[in-house]
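> Attaching a single structure in structure tokens format; questions to follow.
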Amino acid sequence: MAAGGSDEFRIKPWEVHGEGREFEQLSNDFARAALALEHGMAGLGEPWGKDDPGSGFGKAYGEAQPELMAGLNGLADRLGGIGTGLHTMADQASRTEEEVTSDFARQDRGGPAGGTAPGGGTGAGPLVV
């Protein structure tokens, strides 16, 4: 997010929130796909044959299935957690922008820095670090 080769770093909270929503949607879609897989496989019963390849697969799948589903559900949870983290980051960037804007506005009016001025900052622009 560097701006045109400069040493600036811009955080646009509205875009970060948008990416957070994308990860939440991805998490929901992935969880639904994992559930569909689980139900689909359960609906098949044990279609693998009694021959060596089929029985070998059935044994291996039966033993691995709980861990496989736990892993897929854990991945869905982690994707949702990334979305939550992005929302937290965007909110913190907005709060920082408002505090910095407020401090500059107070200094421009001759007041002391720190705290929140009445009518504080807008937080509408990107945070530039």
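> So, by mean Cβ neighbours within 10 angstrom, what's the order for 87-94, 61-68 with the highest one leading?
The most tightly packed comes first, giving 87-94, 61-68.
> Next question, about the same structure. With each label point set 7 Å from Cα along the Cα-Cβ vector, what nm distance links PHE104 and ASP52?
Between PHE104 and ASP52, the label points sit 7.5 nm apart.
> How do the peptides 49-55, 13-19 rank, highest first, by the average count of neighbouring beta carbon atoms within 10 Å per residue?
Per-residue mean Cβ counts within 10 Å order the peptides as 13-19, 49-55.
> Moving on. What percent of all Cα-Cα pairs in region 12-99 falls in each 10 Å bin, counting up from 0?
17, 30, 21, 16, 10, 5, 1, 0
Coordinate-derived values only; no laboratory data. Keep in mind the model is a prediction, meaning the values are calculated, not measured. A quick note on method: Cβ atoms are made from the backbone with ideal geometry, for glycine too, and the neighbour counts reach across all protein chains shown.
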